Every structure is written in structure tokens, then in C-alpha cells.
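Read the structure below first, then the notes.
Bear in mind that the values in this text are calculations on the coordinates, not laboratory data. The structure presented is a predicted model; accordingly, all values stated were derived computationally and were not measured. Cβ coordinates were reconstructed from backbone atoms using ideal geometry, including for glycine residues, and neighbour counts include every protein chain displayed.
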Amino acid sequence: MTTVPKLIILSEQFRGQTFELTDNVHTIGRGEQESICIPDATVSGRHCEVVRNEDATYLVRDIGSTNGTRINGVRITEQQLSNSDILQVGGIEIMFDCEDQSPSSVFSTRTNIDLEETAGGIQVKKMTNFSPFDSGGKTGKHAKAKLLLGSVIGLLLMIVIILGAVLLKGLLMGNP
């Protein structure tokens, strides 16, 4: 039984979205005119394309993206896909599922992408003009709350230790 090869998004915000590769060429990008539209600020308007070769294999080609295209963590300009390869466009991870092929050497995936620490050491260009969120985001608020909570707990621990020391001194001196 022959199955249609597909791309399955692994990254949290789009997890589970599936795109069957039924055409000879599929373009991936943030733009609505692309055959696979991924509305994420780290994905270029026209990011890359997936091309079916005559022998029914698939090739990924970066088409001038800002944040690069990777397969299994390695930045590429053009490379053939194998079953279970992880294609990364910007900050989005996508698995190539082609059951007619044997799996590649990928044994695990990492879906918490840090573009600043990937192989090749690229620096992601800040694209605040595309993001609907401010640079502080939820992370900054949570970090402040955790810091405040940690400070309060630390202060309470210090008070308990001081009171314990005073009580212990009183017991040792004979004053209950």
C-alpha cells in the first residue's frame, strides 16, 4: 500500500498540522500565497520549497530565507529528505513522513528550539515588526513573579532561623 508523503508540524503552536505532498513543488513560507503557509514570525515570507524528483524522492531547497532551513539540525541550502527527517524552517520543526522509505538516522527530536544555539551558530534577526507581541511577553512577567516569590520565601526562612536561634539560646540559658 502506497501512502502519500506528508509534512507534520511538531512545534507546539502548530503541532499536528499535516500537509500531504501531492504536487511536484510545495513552497513553505509565512505568506498566504504559499502552498504550505506557516504564520510564524521566524518563518520567511517565502522560506523554502519541497520538490518531488522523478524517482519519487523529495528535495528541500532554501529560497533565501532569513533564519535558514535545517534538516536534522544542520543548515542546508539544498538536500534530499529521508523518512522521519526533521525539517526546521525558522523556529518551526516539521517531520517528513514517507512510510515507503526506511527511517533516517534521527532517533529523537527536540521541539524547544533555541535558534541562537543551533549547529552553525547563527544569530536570528530580531523581527519585531512581524510579531504581535511585545518583547517582554509572558516570560518577563513570570520571571518577575518568580523572583518576588523567591525573595518572600527567603525572607520567611531567615525569620524562622532567627526565631529558632533565639528560642534555642533561651532554652540553653534556662529561660523558656
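Observations on the model:
- Each residue of segment 55-62 is assigned a 3J(HN,Hα), and the resulting list reads 8, 6, 8, 10, 10, 9, 10, 5 Hz, derived from the Karplus form 6.51 cos²θ - 1.76 cosθ + 1.60 (θ = phi - 60°), x at Gly and Pro.
- Ranked by the mean number of other Cβ atoms within 10 Å per residue, highest first, peptides 89-95, 31-37 order as 89-95, 31-37.
- Full-stretch length increase - ARG15, GLU78 - with 0.36 nm per residue and alpha-carbon distance subtracted: 20.2 nm
- Separation of the THR57 and THR22 label points, Cα + 7 Å toward Cβ, nm: 2.6 nm
- Loop trypsin sites (Lys or Arg not before Pro), segment 1-96 (other Cβ atoms within 10 Å of the site Cβ: 15 or fewer; DSSP): ARG15
- Amide H contacts of CYS48 (H built 1.01 Å from N, in plane; Pro and chain starts excluded): ILE28, ILE63 sit under 5 Å, all sequence-distant by 5 or more or on other chains.
- Under the convention that each Lys and Arg Cβ holds +1 and each Asp and Glu Cβ holds -1, the size of the dipole of segment 1-74 around its Cα centre is about 160 debye.
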